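Since the structure comes first, as structure tokens, the remarks are kept for the end.
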Amino acid sequence: MLVPLTENRSISTSEDVVAVRQAVRQRAVDLGFNLVDQTKIVTAASELARNTLQYGGGGTLLIEEVLQGSRRGIRLVFEDNGPGIPNIELAMKDGYTTGNGLGLGLSGAKRLSNEFSIQSRPGEGTRVTIVRWR
Ligand SMILES: Nc1ncnc2c1ncn2[C@@H]1O[C@H](COP(=O)(O)OP(=O)(O)O)[C@@H](O)[C@H]1O
Ligand SMILES: [Mg+2]
């Protein structure tokens with residue numbers, strides 16, 4: 001079966017987070033990412049999926065293949081309708097957590113990606129978009 005170019009996944013359980021890791025890995029393999037780049041995008045996806053579940057109360061992931069000239073890549077859009085992030089600049093700081101994490105998820109995901117953007121509104125939810133080019 002052909003893998004669809006875009007894929008929507010629900011993130012409601014920790015099993016879904018595992019499935020997200022596998023789906024992103026598979027997509028990276030299909031696009032010809034080397035092992036190091038596969039691991040980077042999978043690690044970033046894992047952190048963001050866990051945030052979607054833990055802080056966002058669950059949400060969705062859109063996986064898309066993107067093309068720019070002859071360059072191919074993966075775009076991941078994580079969305080939830082949770083409480084949102086009141087201070088994005090603070091949340092992005094290494095070591096900042098409101099849970100019991102290491103506070104390295106958002107900042108780590110940014111470092112592991114070529115493009116990173118975050119939109120959030122208190123009371124409405126959070127959307128984090130990353131792109132990793134091959
Ligand atoms: N989807 C989200 N919804 C609400 N808050 C979030 C979300 N993602 C991250 N945050 C906030 O940003 C903080 C930092 O996230 P992160 O860097 O992943 O560290 P950690 O997960 O270890 O707390 C979290 O503690 C939380 O307060
Ligand atoms: Mg985190």
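The values are calculated or read from the model by the stated rules, or taken from the named source; none is laboratory data. Note that the coordinates shown come from a computational prediction; the quantities given were computed from them, not determined experimentally. We place every Cβ from the backbone using ideal geometry, glycine too, and count neighbours over all the protein chains shown. Note: accessible area is taken over every heavy atom of the protein model, side chains too, but ligands, DNA and RNA are not part of it. Shrake-Rupley method; radii C 1.70, N 1.55, O 1.52, S 1.80 Å.
What are the residues in region 89-110 that are hydroxyl-bearing (Ser, Thr, Tyr) and either open to solvent by 50 Å² or more (accessible area, probe 1.4 Å) or near ligand 2 (Cβ under 8 Å from one of its atoms) (or both), if any?
Our first condition is that a residue be hydroxyl-bearing (Ser, Thr, Tyr); within region 89-110, this holds for 96-98, 107.
Across region 89-110, the qualifying residues are 96, 97, 98.
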Of the listed residues (53, 62), the one being modelled with pLDDT of 95 or more and in contact with a Leu (Cβ under 9 Å, 6 or more places away or on another chain) is 62
Taking first residues from region 23-49 that are of a type in the set (Phe, Trp, Tyr) and second residues anywhere that are not in a helix (DSSP H, G or I), the pairs with Cβ under 6 Å that are 6 or more apart or on different chains are 33/134
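Please state which one of 20, 66 is over 23 Å from residue 122 (Cα atoms) and without any contact (Cβ under 8 Å) to a residue 60 or more places away in the chain.
Working: 66 fails: without any contact (Cβ under 8 Å) to a residue 60 or more places away in the chain.
Testing whether each residue is over 23 Å from residue 122 (Cα atoms) and without any contact (Cβ under 8 Å) to a residue 60 or more places away in the chain leaves just 20.
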| In this structure, is residue 17 of a type in the set (Val, Ile, Thr) and modelled with pLDDT of 95 or more? | yes
Worksheet item: Out of all the residues in region 49-59, is one or more more than 11 Å from ligand 2 (Cβ to nearest atom), closer than 26 Å to residue 134 by Cα and part of a strand (DSSP E or B)?
Response: no
